[in-house]
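Asker: Sharing a structure below in structure tokens format, with a few things to ask.
The values are calculated or read from the model by the stated rules, or taken from the named source; none is laboratory data. Quick caveat: nothing in here was measured; it's all calculated off a predicted structure. Heads up, the Cβs are rebuilt from the backbone with ideal geometry, glycines too, and the neighbour counts pull from every protein chain shown. Note: areas computed on protein heavy atoms with side chains; ligands, DNA, RNA excluded. Shrake-Rupley method; radii C 1.70, N 1.55, O 1.52, S 1.80 Å.
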Amino acid sequence: VQLQASGGGLVQVGGSLRLSCAASGRTFSSYTMGWFRQAPGKEREFVAAITGSDGSLYYADSVRGRFTISRDNAKNTVYLQMNSLKPEDTAVYSCAAARRQAIVVATAFYDYWGQGTQVTVSS
């Protein structure tokens, strides 16, 4: 599985962005998809995940209520809608795919990773 993230950019505080992650392969719907982010000098952290089997969702506390993860299996794409952005949301955002059919937050459970897309929130 190859993953390609896009949609990052520069946005003001309170603004919105939608990230997309396009996947190759015919088994996209069977993967749990996750979004992670890494800010300068910090470790990569979990943002959100969605299963392929039943569309279960899970969010990090820091983004719950502001971010929405979704997927379109017909387009082999997962999205991250980010609203009410804050300066602390500034990071490189990456998408990942896991064979495990369950919500997983640890990076070790993800089998495939895409390159990141930069999100910068200016105050």
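Asker: Among (1) open to solvent by less than 50 Å² (accessible area, probe 1.4 Å); (2) out of contact with any helix residue (DSSP H, G or I) (no Cβ under 6 Å at 6 or more places or on another chain); (3) closer than 18 Å to GLY7 by Cβ, which single condition is VAL121 missing?
Answerer: (2)
Asker: Let me ask something else. Here are some conditions: (1) under 24 Å from GLY25 (Cβ atoms); (2) at pLDDT below 95. ALA97 meets all but one. Which one does it not meet?
Answerer: The single condition ALA97 does not satisfy is (2).
Asker: Also: Please specify each residue of the range 16-34 satisfying the condition of being assigned to a loop (DSSP other than H, G, I, E, B) and either aromatic (Phe, Trp, Tyr) or within 22 Å of LYS86 (Cβ to Cβ) (or both).
Answerer: Hits for the range 16-34 are SER16, TYR31.
Asker: Residues of the range 1-24 being under 14 Å from TRP113 (Cβ atoms) and either open to solvent by less than 20 Å² (accessible area, probe 1.4 Å) or of a type outside the set (A, V, I, L, M, F, W, C) (or both), which ones?
Answerer: GLN2, LEU3, GLN4, ALA5, CYS21, ALA23, SER24
Asker: From ARG71, ARG66, ARG37, grab the single residue that is modelled with pLDDT of 95 or more, basic (Lys, Arg) and closer than 13 Å to THR120 by Cα.
Answerer: So the residue among ARG71, ARG66, ARG37 that is modelled with pLDDT of 95 or more, basic (Lys, Arg) and closer than 13 Å to THR120 by Cα is ARG37.
Asker: So which of THR77, THR107 ends up being under 21 Å from LYS42 (Cβ atoms), surrounded by 12 or more Cβ atoms within 10 Å (Cβ to Cβ) and touching a Lys or Arg at 6+ places or on another chain (Cβ under 8 Å)?
Answerer: None of the others qualify; the one that does is THR107.
Asker: Show the residue pairs that are 6+ apart or on different chains and have beta-carbon atoms under 6 Å apart, the first residue being within the range 49-74 and part of a loop (DSSP other than H, G, I, E, B), the second being of a type in the set (A, V, I, L, M) and crowded, with 19+ Cβ neighbours inside 10 Å.
Answerer: So the pair list comes out as ALA60/VAL47; VAL63/VAL47.
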